[in-house]
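**Q** Quick one: this structure, given as C-alpha cells, is what I'll be asking you about.
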Amino acid sequence: MVPDGPGGDVMRTDFLSAPVDGLDEALAVVDAFDRALAAGLLRPQPAQAAALGQLVDALAASPLASRVAEAADKAAAGAAGEEHLLVLAAARTALLGAAHDALAATVGEATGRGRDKWTAADPGASGAPNLLAAARSWLADLARSGWRGMDHDIVSGSAPVVCAMLPDPALRRFGVLLDGFAGELAASCPGALLERVPVRRWADLWSRAMLLTHPGAAGAAATGTVTGRLLPLGVDLHEHSTAAQAQVHAVLEPADGSAPRLVRASVSAPKPDSVVGAGIWQLLRPHLSLLAAVAEGRAMDLVEMPVTAGGDLLWRDECARPGEAADPFATARVVLPTAVGAPLAPLERHPVRLAEPVFLEGYTAQEDDGVLAFTLAGHPITVDTGRIPVAGPLTPQAVAASTACIGLLRWDAGAFRLQPLAVETPVKRKTAAVHAGAWAGGTTDKAGAKAEAAATEAVAVLRERAGKLLRK
C-alpha cells in the first residue's frame, strides 16, 4: 500500500496485479478477429469464419447481437457489404470498450478515485455525407483485401478522399487519420511480402476510421467552460517523425469550490524529422503558454476556459494567466488524492487510452534484465522507462534512484505499467525534483541548451530552403 494523501489514504497496489474477470477472453476474441481482418474477408477461410463466430458469441448478450450475427454470416460467406463491415467494426470497438471499462474500474479501486459520468453531446449535423461514404468504400476494400493482400492500387484509393477532407475543418481530423493510416500502409506495400504485420494497430485504425464514417459518430467537442486554478502535474511528450504533441496532465480546482478535477491540455505541431530532442519544444511553445508555467513551476488561473466532457481543455491563451508558484509534488500529495477523474468519449474507450495520474512513494526500485520495477507492499509495478522523452532531464537512472514518483498508470502488454513524469531523486547528496517536461518553457541546462541551439539552426535552414522553393 502506498500513501496517496496526508489523511492516510492509500493506493491498493494489490488490485493492479489481480486478474480482471473476462479480460483475457475478450482480448482473445479481438485478436482472432484481427487475424481474420489481416487475411482479408473477400474469400474467408474456415479459421476466419470461426473468428467471426467468436465475435458473435461474445456479443450475444448485447444490443448489437442480432446485427453482429447477420454481419458475421455475410462476412463468413464473403458477401459482406459496407454496412456489415461497419457493424463488425462496432462490435470489435464495443469489446475493447468493455475491456477499457474493466481496467478503469480496477484503477478506480486501486486509487479510490471517483470518475465523472459521460454526458452525451449533441452530434449536430454531419456535413459531406458523400465524403464519408467514399471513405467507407475505401475502408471496405481494405477489409476485403486484408493487410496481406493490399497493394499500392488499393491503398492509393484514399488519396482523393483525403484531399477533399483536409480543407474542411469539420473533417480535417478524420482526414488526418485516413492520411496517416494510408501512409503506413503504403510504406508496407505489398502486404504479401511483409515479415511482420502490426495486426492490432492496423485493426484499431481501421475500426476507428470505419466508425467515423457513420454520420455524427465523432460528436461535438466542447461541452462547457471552467474557471479556477490549474495545478500542473507533468508533461507527456509524444514524438513522431513528422509531428509532435505535448499533453499536460493537471488538477483543476474549480472556483465554485466543487471537487478538484483531473484535466489535460494538449498541443500538437508538424515537425521535420531533423528536429529532435529538446528542439521539439520550440515548435510547441508558441501554441501553448501553459508550457512556460510548467517549466517555471507555476499554477495557471483560468477564466471560462473551454473544456470537453472528457476533461480536455481547449486551450485559449486569453482565458489563462500565470498564477503563483505551485510545486507538482505538493499537488500530488495534497490535491491529487481528492481529484475526480474524467470520463472518456465512447469511441475513445480502449485499453491503450488509459493514462491515470498517480503518485507513489515509499517503494523499492529493482532492475532485472533491464526492466525496472517499483515494489510496494510486496507487489511490483513495471516502470516503462522507454516512454521517458529525451527532450528533458529525466533519465532512467534518475528514476531508478528515486524515492517518489508522479506518473501515468497505463496498461500495456497484459499488465499495468507506470510511465514516470517526474521523480524526487538524490542529486549531489540532496533530494531534488526532476521533471520530464522541465525544458518545456526553455532551459539553461547545458545539454538542453545545446540541443535547442542545434534545432534552431536546423529550423532556420529549413525555413530558408522553403522560402526559396516558394519564390520559385
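**Q** Please find, among LEU205, LEU194, LEU171, LEU166, the residue that is under 23 Å from ARG92 (Cα atoms) and surrounded by 14 or more Cβ atoms within 10 Å (Cβ to Cβ).
**A** LEU205
**Q** Quick one: HIS214 ticks every box in (1) under 21 Å from GLY442 (Cβ atoms); (2) surrounded by fewer than 19 Cβ atoms within 10 Å (Cβ to Cβ) bar one, so which box is it?
**A** (1)
**Q** Follow-up. Given the conditions (1) buried (at least 20 other Cβ atoms within 10 Å of the Cβ); (2) in contact with a helix residue (DSSP H, G or I) (Cβ under 8 Å, 6 or more places away or on another chain); (3) of a type in the set (A, V, I, L, M, F, W, C), which single one is not true for VAL303?
**A** All conditions pass for VAL303, except number (1).
**Q** Looking at segment 244-302 only, could you name the residues that are β-branched (Val, Ile, Thr) and farther than 30 Å from ARG115 by Cα?
**A** The answer is VAL275, VAL276, ILE280.
**Q** Next up: I'm checking my understanding of the structure. Among residues of segment 258-280 that are out of contact with any Pro (no Cβ under 8 Å at 6 or more places or on another chain) and in a strand (DSSP E or B), which one is surrounded by the fewest Cβ atoms within 10 Å (Cβ to Cβ)?
**A** PRO270
**Q** Test VAL226 against the criterion of being out of contact with any Lys or Arg (no Cβ under 7 Å at 6 or more places or on another chain), in a loop (DSSP other than H, G, I, E, B) and among the hydrophobic types (A, V, I, L, M, F, W, C), and give yes or no.
**A** no
**Q** If I filter segment 28-35 for residues that are within 30 Å of GLU361 (Cβ to Cβ) and touching a residue at least 12 places away in the same chain (Cβ under 8 Å), do I get at least one hit?
**A** So far as segment 28-35 goes, no, none of its residues is within 30 Å of GLU361 (Cβ to Cβ) and touching a residue at least 12 places away in the same chain (Cβ under 8 Å).
**Q** Go through segment 425-455 and give me each residue that's over 16 Å from TRP281 (Cα atoms) and either surrounded by 18 or more Cβ atoms within 10 Å (Cβ to Cβ) or of a type in the set (A, V, I, L, M, F, W, C) (or both).
**A** Within segment 425-455, THR425, VAL427, ALA432, ALA433, VAL434 qualify.
**Q** Tell me, which strands (runs of 3 or more DSSP E) wholly within segment 359-465 include 1 or more residues that are in contact with a Gly (Cβ under 6 Å, 6 or more places away or on another chain) and aliphatic (A, V, I, L, M)?
**A** Qualifying strands (runs of 3 or more DSSP E): 404-412, 415-427.
**Q** Given the residues ASP256, ASP273, ASP236, which is the only one that is within 23 Å of GLU304 (Cα to Cα) and of a type in the set (Asp, Glu)?
**A** Within the list ASP256, ASP273, ASP236, the selection yields ASP256.
**Q** Can you spot a residue in segment 248-264 that is more than 14 Å from LEU313 (Cβ to Cβ), of a type in the set (S, T, N, Q) and modelled with pLDDT under 90?
**A** No; the residues of segment 248-264 include none that is more than 14 Å from LEU313 (Cβ to Cβ), of a type in the set (S, T, N, Q) and modelled with pLDDT under 90.
**Q** Hey, any hits in segment 87-101 for a residue that's under 21 Å from GLU25 (Cβ atoms), touching a residue at least 60 places away in the same chain (Cβ under 8 Å) and in contact with a Pro (Cβ under 6 Å, 6 or more places away or on another chain)?
**A** Checking segment 87-101: at least one residue is under 21 Å from GLU25 (Cβ atoms), touching a residue at least 60 places away in the same chain (Cβ under 8 Å) and in contact with a Pro (Cβ under 6 Å, 6 or more places away or on another chain).
The values are calculated or read from the model by the stated rules, or taken from the named source; none is laboratory data. Computed from a predicted model, the values in this text were never measured in an experiment. In this analysis, Cβ positions are derived from the backbone assuming ideal geometry, glycine residues included, and neighbour counts consider all displayed protein chains.
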